[in-house]
1. Filter the range 14-37 down to residues that are out of contact with any Pro (no Cβ under 9 Å at 6 or more places or on another chain) and open to solvent by less than 60 Å² (accessible area, probe 1.4 Å), then give me how many there are.
2. Starting from residues that are aliphatic (A, V, I, L, M) and in a helix (DSSP H, G or I), keep the ones in the range 1-44 and report whichever is modelled with the highest pLDDT.
3. All but one of (1) in a helix (DSSP H, G or I); (2) at pLDDT 70 or above; (3) not polar (S, T, N, Q) hold for ASP67; state the number of the condition that does not hold.
Amino acid sequence: MADESKNPAATVAPLRKAVPCPICKRPSAREHYPFCSPRCRDVDLNRWLSGSYAIPVADDETKADEDDM
């Protein structure tokens, strides 16, 4: 085999900066990006499906009444 350091096409620069897994903070894996493993990917999916990632909404009835007029 040829020396890979002489062939510039042999070294591929990453397209984006490596980020840690949002679940366990380990380095993310390319196959499961942005997660590090299928387990962390499934944990995140479960959180979405169970409603843990709901956006908080402030109920302000006075604004709702004003919009109806």
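1. Of the residues in that region, 4 qualify.
2. Only one residue fits best here, namely VAL43.
3. The failed condition is (2).
The values are calculated or read from the model by the stated rules, or taken from the named source; none is laboratory data. Nothing here was measured: the structure is a model prediction, and the numbers come from that model. Heads up, the Cβs are rebuilt from the backbone with ideal geometry, glycines too, and the neighbour counts pull from every protein chain shown. Ligands, DNA and RNA are stripped out before the accessible areas are found, and what is left, the full protein with its side chains, is counted by its heavy atoms. Shrake-Rupley method; radii C 1.70, N 1.55, O 1.52, S 1.80 Å.
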